[in-house]
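**Q** Structure below; questions to follow.
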Amino acid sequence: MEFFLDTADLDEIREAYSWGIADGVTTNPSLIKKACDKLKASGSDMSLASYIEEILKVADGDPVSLEVIASTEDAMLAQGLFLYERFNPIAENVVVKIPVNPDMIGDGEVAFDGLKVIKKLADQGIPVNTTLIFSPEQALLAAKAGAAYVSPFAGRIDDELRRAIGGDFDKTAYFPEEGEEGYDDHGVVSGVDLVSQCVDIIAIHDLNHCKVLAASLRNPQQVRECALAGSQVATMPFGVLRDMVGHKKTIEGMKAFTADVVPEYSKLFE
Ligand code: E4P
């Protein structure tokens with residue numbers, strides 16, 4: 001499984017790359033906002049364009065998703081082409097992120113602009129990451145339109161299911177915990193289930209040009225279960241990646257081994 005960093009924070013990206021396990025980066029307008037706020041707070045006058053160039057260089061050939069901010073076909077297409085032409089020459093690793101259904105006008109309305117843009121960009125050989133996937137059928141459509149990645153949002157569908165059940169919940173907690181009441185969104189029972197169904201539907205229909213990129217992940221258990229479900233990629237915040245390596249028994253074991261080191265053993269390393 002490939003691990004992408006779900007952040008635009010250069011410090012986090014550099015750190016994760018130094019661990020030797022990072023395979024790419026995903027950004028979105030909210031993550032770019034966070035990075036810009038941090039940059040301004042540090043007193044830096046680096047432009048956003050230069051900052052993005054730096055991310056592309058750190059990722060060094062690994063895919064970096066950059067998202068359009070428009071929501072109509074022509075504007076998304078123009079922005080997708082701009083992002084690719086402006087930034088891909090830096091390290092040949094730009095993936096354009098397009099929402100599957102960008103309509104923001106009507107309640108429950110749908111628009112096909114996302115699919116049309118995916119098709120047009122894919123026809124020009126530009127890799128597209130389809131974002132805001134909340135159903136396996138959206139993933140199927142995006143893959144058929146030519147997307148290189150589909151990003152099912154595991155954490156956000158869990159939030160939606162938990163909201164439907166009611167009561168307070170911790171956004172970072174695995175859902176559903178053992179014994180926790182479940183809920184069903186048109187046959188999707190959890191974020192991991194959404195990812196798993198996307199993996200299956202794409203494999204069954206031989207749409208192998210398209211990788212499932214499990215997104216909106218909030219805890220290591222989700223990452224593990226998405227890996228077991230066969231998701232090719234998981235994008236996660238720095239904190240989730242860090243938490244994956246931790247276990248209280250590992251620390252406990254280290255302390256016990258260290259306490260048992262005899263002087264003869266220490267001497268070997270002198
Ligand atoms: C990644 O491509 C998505 O934009 C991201 O995973 C969304 O995560 P969030 O739901 O935690 O904001």
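The values are calculated or read from the model by the stated rules, or taken from the named source; none is laboratory data. Bear in mind the structure is a predicted one, so any value in this text is a computation, not a measurement. So basically every Cβ, Gly included, is an ideal-geometry build from the backbone, and we count neighbours across all protein chains shown. These accessible areas exclude ligands, DNA and RNA; they are computed on the full protein's heavy atoms, side chains included. Shrake-Rupley method; radii C 1.70, N 1.55, O 1.52, S 1.80 Å.
**Q** Once the piece of chain linking Ala203 and Asp168 is laid out straight, how much longer is it, given 0.36 nm per residue of separation minus the C-alpha distance between them?
**A** Length gained, Ala203 through Asp168: 8.9 nm.
**Q** When every alpha-carbon pair in the stretch 169-219 is counted, what percent end up more than 14 Å apart?
**A** Summing the P(r) tail past 14 Å for the stretch 169-219 gives 60 percent.
**Q** Given the pairs Lys38/Lys116; Lys38/Lys171; Lys40/Lys171; Lys57/Lys248; Lys57/Lys267, which are separated by over 32 angstrom at their Cα positions?
**A** In this structure, Lys38/Lys116; Lys57/Lys248; Lys57/Lys267 lie more than 32 Å apart at Cα.
**Q** What's the extension gain from Glu15 to Glu181 if we count 0.36 nm per residue and subtract their Cα-Cα distance?
**A** In short, 55.9 nm is gained.
**Q** Also, quick follow-up: For Lys255 and Ala227 in one chain, what is 0.36 nm times their gap in residues minus the Cα-Cα distance, to one decimal in nm?
**A** Gain on extension, Lys255 to Ala227, equals 7.0 nm.
**Q** What's the carbon and sulfur percent of the stretch 182-270's accessible surface, probe 1.4 angstrom, rounded to a whole number? Kindly include the intermediate steps, with their values, before the conclusion.
**A** Details: 3210 of 5390 Å².
The value for the stretch 182-270 is 59 percent carbon and sulfur by accessible area.
**Q** Okay, next question. What is the distance, in nm, between label points placed 7 Å from the Cα along the Cα-to-Cβ direction at Arg242 and at Lys40?
**A** Rounded to a tenth, the inter-label distance reads 2.5 nm.
**Q** Under the rule a/c < 1.5 gives rounded, and otherwise a/b versus b/c splits prolate from oblate, where does the stretch 2-267 land using the Cα gyration tensor?
**A** Cα axes put the stretch 2-267 in the oblate bin.
**Q** What's the local net charge at Asn129, with K and R +1, D and E -1, over the other residues with C-beta under 10 Å away? Don't skip to the answer; put the middle values down first.
**A** Working: positive: Lys97, Lys211; negative: Glu67.
Combined, the nearby Lys, Arg, Asp and Glu give +1.
**Q** Any idea what log10 I(q)/I(0) is at q = 0.16 Å⁻¹ for the stretch 87-187, Debye with uniform C-alpha scatterers and no solvent?
**A** So the normalised log intensities work out to -0.79.
**Q** OK, next. If you take every residue apart from Ser42 with its C-beta less than 12 Å away from the C-beta of Ser42, what net charge results, scoring Lys and Arg +1 and Asp and Glu -1?
**A** So the environment of Ser42 carries a net charge of -2.
**Q** In square angstrom, what is the accessible area per residue of the chain with a 1.4 angstrom probe?
**A** About 52 Å² of surface per residue is accessible.
**Q** Collect residues whose amide H, placed 1.01 Å from N in the peptide plane, falls under 5 Å from the amide H of Asp6; neighbours closer than 5 in sequence don't count.
**A** It is Thr26, Met236, Phe238, by chain and number.
**Q** Same structure again: Return a whole-number percent for the relative contact order of the chain, with Cα pairs under 8 Å and 6 or more residues apart as the contact set.
**A** Relative contact order here is 16 percent.
**Q** Next up: What does the charge count near Val95 come to, summing +1 for each Lys or Arg and -1 for each Asp or Glu among other residues with Cβ under 13 Å from its Cβ?
**A** That works out to -3.
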